[in-house]
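As structure tokens, the structure follows; a few thoughts come after it.
The values are calculated or read from the model by the stated rules, or taken from the named source; none is laboratory data. Just so you know, these numbers come straight off a predicted model, no measurement behind them. Cβ placement follows ideal geometry from the backbone for every residue including glycine, while neighbour counts extend to all protein chains displayed. Just the protein is used for accessible areas: all its heavy atoms, side chains included, with ligands, DNA and RNA removed. Shrake-Rupley method; radii C 1.70, N 1.55, O 1.52, S 1.80 Å.
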Amino acid sequence: NVEEILSNIRLLARLAGVPERGEALAARLQARLDAVERRVAGLAAPSVVMITGRLGNGLMLVTRPGTYTGDAIVRAGGRLAFDSGTIAQVSPEAILNADPDVLLFAGSEKDMKELVARPGWNEMRAVKSKRAHAVSRAELLIPGPRTIDGVEKLAALLHPVPATR
């Protein structure tokens, strides 16, 4: 989970002989997480599917509970459209049936647009409401300090702040 990322930062700093730097970095990252959690507290959590990869057999890899990426989505104010117990590999039909409020694709905007242009995908709630987004693989699929950047960006996608006049 995301908390383990912060623990690993502290551990690596201790091993490198600079524990105070690890504590300081972890504290700054935790403060940013706390700010996100305060911002999304009490807001309705949209259902989210994040596609993290595609397999040659047609199945897709999706974020699931019990992972740091799943934790990042929850911390950003979302809820996973697939319940616990779901395996990481699912069919495109399972994603269409989940009909999430928000569809996230870890990869390029071009690849995400190619995916949602396939037959049936334009009927998905997230696609119809223009809430299908490409997200950074580096921020959300590689556990480290950049994951906090990813949580902040996810919160902005899941709970956009209305424009003021």
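Is at least one residue of segment 23-46 under 18 Å from Phe105 (Cβ atoms) and surrounded by 15 or more Cβ atoms within 10 Å (Cβ to Cβ)?
From segment 23-46, those under 18 Å from Phe105 (Cβ atoms) are 46; that's our starting set.
Still in the list and also surrounded by 15 or more Cβ atoms within 10 Å (Cβ to Cβ): 46.
For segment 23-46, residues under 18 Å from Phe105 (Cβ atoms) and surrounded by 15 or more Cβ atoms within 10 Å (Cβ to Cβ): present.
Which ones in segment 36-76 are at positive phi and among the hydrophobic types (A, V, I, L, M, F, W, C)?
None - no residue of segment 36-76 is at positive phi and among the hydrophobic types (A, V, I, L, M, F, W, C), so the list stays empty.
When only residues in segment 120-165 that are without any contact (Cβ under 8 Å) to a residue 60 or more places away in the chain and of a type in the set (Val, Ile, Thr) count, which is farthest from Thr67 (Cα to Cα)?
My answer is Thr164.
Checking the structure you have, find out if any residue of segment 69-76 is in a loop (DSSP other than H, G, I, E, B), open to solvent by less than 20 Å² (accessible area, probe 1.4 Å) and at pLDDT below 95. Write out each step before concluding.
Our first condition is that a residue be in a loop (DSSP other than H, G, I, E, B); within segment 69-76, this holds for 76.
Restricting the remaining residues to those that are open to solvent by less than 20 Å² (accessible area, probe 1.4 Å) gives 76.
Within this subset, residues satisfying the condition of being at pLDDT below 95 are none.
No, there is no match, as no residue in segment 69-76 is in a loop (DSSP other than H, G, I, E, B), open to solvent by less than 20 Å² (accessible area, probe 1.4 Å) and at pLDDT below 95.
Which condition number does Arg38 fail, the rest of (1) over 20 Å from His159 (Cβ atoms); (2) over 11 Å from the mean Cα position of the chain (by Cα); (3) outside any loop (DSSP other than H, G, I, E, B) being met?
All conditions pass for Arg38, except number (1).
Which members of segment 136-153 meet the condition of being crowded, with 20+ Cβ neighbours inside 10 Å and in contact with a Gly (Cβ under 7 Å, 6 or more places away or on another chain)?
Hits for segment 136-153 are Glu139, Leu140.
Taking segment 6-35, which residues are β-branched (Val, Ile, Thr) and over 23 Å from the mean Cα position of the chain (by Cα)?
So in segment 6-35, the residues β-branched (Val, Ile, Thr) come out as 9, 18.
If the condition is that a residue be β-branched (Val, Ile, Thr) and over 23 Å from the mean Cα position of the chain (by Cα), then Val18 is the only one that fits.
Please identify the pairs in which a residue from segment 52-76 that is touching a residue at least 12 places away in the same chain (Cβ under 8 Å) and charged (D, E, K, R) has its Cβ atom under 6 Å from the Cβ atom of a residue that is surrounded by fewer than 20 Cβ atoms within 10 Å (Cβ to Cβ) and assigned to a loop (DSSP other than H, G, I, E, B), counting only partners at least 6 apart or on another chain.
Short answer, once both residue conditions are applied: Arg64/Thr86; Arg64/Ala88; Asp71/Asn1.
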